[in-house]
1. Regarding residue 93, is this residue open to solvent by less than 80 Å² (accessible area, probe 1.4 Å) and assigned to a loop (DSSP other than H, G, I, E, B)?
2. Being under 30 Å from residue 186 (Cβ atoms) and in contact with a strand residue (DSSP E or B) (Cβ under 8 Å, 6 or more places away or on another chain) is the filter here; which residues of region 233-270 pass it?
3. Condition (residue is small (Gly, Ala, Ser), buried (at least 18 other Cβ atoms within 10 Å of the Cβ), at pLDDT 95 or above and touching a strand residue (DSSP E or B) at 6+ places or on another chain (Cβ under 8 Å)) applied to region 140-147: is it met by at least one residue?
4. Between residues in region 238-264 that are surrounded by 15 or more Cβ atoms within 10 Å (Cβ to Cβ) and residues that are modelled with pLDDT under 95 and not in a loop (DSSP other than H, G, I, E, B), which pairs lie under 6 Å by C-beta distance while being six or more apart or on different chains?
5. Residue 87 - would you say it is in contact with an Asp or Glu (Cβ under 9 Å, 6 or more places away or on another chain), of a type in the set (Gly, Ala, Ser), outside any loop (DSSP other than H, G, I, E, B) and open to solvent by less than 50 Å² (accessible area, probe 1.4 Å)?
6. Take region 305-337 and flag every residue that is modelled with pLDDT under 90 and either open to solvent by 60 Å² or more (accessible area, probe 1.4 Å) or of a type in the set (S, T, N, Q) (or both).
7. Which one is surrounded by the fewest Cβ atoms within 10 Å (Cβ to Cβ), of the residues in region 180-228 that are among the polar types (S, T, N, Q) and assigned to a strand (DSSP E or B)?
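The values are calculated or read from the model by the stated rules, or taken from the named source; none is laboratory data. Just so it is clear, the structure is predicted and the values come from calculations on it, not from any experiment. Note that each Cβ is placed from the backbone with ideal geometry, even for glycine, and that neighbours are counted across all protein chains shown. These accessible areas exclude ligands, DNA and RNA; they are computed on the full protein's heavy atoms, side chains included. Shrake-Rupley method; radii C 1.70, N 1.55, O 1.52, S 1.80 Å.
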Amino acid sequence: MTSREIVVDITPPDQPVLSASLTPSFDYTRSTGPVLGAFFTGLRDRRIVGNRDSRGTVHVPPVEFDPHTRAPLTETVEVGSGDGVGGVVVAWTWVPTPTDVNPLDIPFAWALVRFDGADTAMLLALAADGPESVSTGMRVRVRWSAERRGDVHDIACVVPEGYDDDTAATDAPSTAAEPVTGVVTPIDLSVTHTAAPAESEFLRAIVQGRMLGRRRSNGPEVYVPPRDYCPSDGVAMGEYVEVADVGTVTTFGIVNVPFAGQEIKPPYVTAYILLDGSDVPVQHLVLGCEASEVRIGMRVRAVWTPESERPASMKAITHFEPSGEPDTDPATAATHL
């Protein structure tokens, strides 16, 4: 074998690996500042607001700093308001099959639109009868959303001038008085996670109420959850080892700040717990006592979800709670950080 060759011996698993559909999501919240705040406030009130840089270029959407001098921009420019806001298509592409994340549920075009009075273009959905109805240089006008909250979705789409549209009469101006100072954007991602063979063995075991680890081939250390290959030397891991569902807190943090989607009222503790028989701590909640009582060296035990409801995930353990055993020496616990 030459120095440029790598040989990997992969043994097929005895059972099929597990997979699951996951949708991680969160609400991204940001403050707008004065420039974007003016833009979003304008959209809520059916107005298109941009700003002018040192060379006279009108930017829509507005930019916070001058692209030439890098100085903050303060001069706002209103380029249009109401149902008569129009512009020109600079570039476009057709979307024949919209997905559930697209702004329209019918075929449409994504178009860069330069509004009258602006020198830059804005990306918007363009509703049209088909790609043959769209062309660079065509005139379009804004279709406002019936319910507006101060974000880019307040423009439902643009439509060709002369397009038969019966929504304009229902688009009443907003009566909100306060300027927009923040925007909340829901973010989610749908993925299919396929567990590796060792992870699949771990998940099958946890459904049965067992904690499974795996020993290194080149050493005595046991990793929980088990790995297929050792992260230290890249060698295939050795035998599977069942470890205890009791262990020691090696380090922890107290969550005091509430956030969207939180299932437990603060304060509460998330900790790294070294299970007996393992050499790598796992992260989980420590409940069943006051957050202020949790400490490094504290002995805890797993509280399992009822067997009939137990998922193939770490949620099979609802949390850890104090076991009542004497503490481990904190110096010993800290060696596993």
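1. Details: open to solvent by less than 80 Å² (accessible area, probe 1.4 Å): yes; assigned to a loop (DSSP other than H, G, I, E, B): no.
When the stated conditions are applied, residue 93 does not pass them.
2. Pass one, region 233-270, residues under 30 Å from residue 186 (Cβ atoms): 253-270.
Result: 253, 254, 255, 260, 261, 264, 266, 267, 268, 269, 270.
3. Pass one, region 140-147, residues small (Gly, Ala, Ser): 145-146.
Going one step further and asking which of them are buried (at least 18 other Cβ atoms within 10 Å of the Cβ), we end up with 145.
Adding the requirement that they be at pLDDT 95 or above leaves 145.
This time we only want the ones that are touching a strand residue (DSSP E or B) at 6+ places or on another chain (Cβ under 8 Å), so: 145.
Yes: region 140-147 contains one or more residues that are small (Gly, Ala, Ser), buried (at least 18 other Cβ atoms within 10 Å of the Cβ), at pLDDT 95 or above and touching a strand residue (DSSP E or B) at 6+ places or on another chain (Cβ under 8 Å).
4. If the second residue must be modelled with pLDDT under 95 and not in a loop (DSSP other than H, G, I, E, B), the pairs left are 248/333; 250/333.
5. Details: in contact with an Asp or Glu (Cβ under 9 Å, 6 or more places away or on another chain): yes; of a type in the set (Gly, Ala, Ser): yes; outside any loop (DSSP other than H, G, I, E, B): yes; open to solvent by less than 50 Å² (accessible area, probe 1.4 Å): yes.
Answer is yes for this residue.
6. Of all residues in region 305-337, those modelled with pLDDT under 90 come to 329-337.
Correct list: 329, 330, 331, 332, 335, 337.
7. Applying the first criterion (among the polar types (S, T, N, Q)) to region 180-228 yields 181, 185, 190, 192, 194, 200, 208, 217-218.
Filter once more, so that each one left must be assigned to a strand (DSSP E or B): 185, 192, 194.
Values: 185: 12, 192: 8, 194: 11.
If we take residues in region 180-228 being among the polar types (S, T, N, Q) and assigned to a strand (DSSP E or B), then 192 is surrounded by the fewest Cβ atoms within 10 Å (Cβ to Cβ).
Residue-by-condition table, conditions (1) more than 21 Å from residue 149 (Cα to Cα); (2) crowded, with 17+ Cβ neighbours inside 10 Å; (3) touching a His at 6+ places or on another chain (Cβ under 6 Å); (4) modelled with pLDDT of 95 or more:
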{"residue": "11", "(1), (2), (3), (4)": "yes, no, no, no"}
{"residue": "20", "(1), (2), (3), (4)": "yes, no, yes, no"}
{"residue": "28", "(1), (2), (3), (4)": "no, no, no, no"}
{"residue": "37", "(1), (2), (3), (4)": "no, yes, no, yes"}
{"residue": "41", "(1), (2), (3), (4)": "no, yes, no, yes"}
{"residue": "59", "(1), (2), (3), (4)": "yes, yes, no, yes"}
{"residue": "72", "(1), (2), (3), (4)": "yes, no, no, yes"}
{"residue": "109", "(1), (2), (3), (4)": "yes, yes, no, yes"}
{"residue": "116", "(1), (2), (3), (4)": "yes, no, no, yes"}
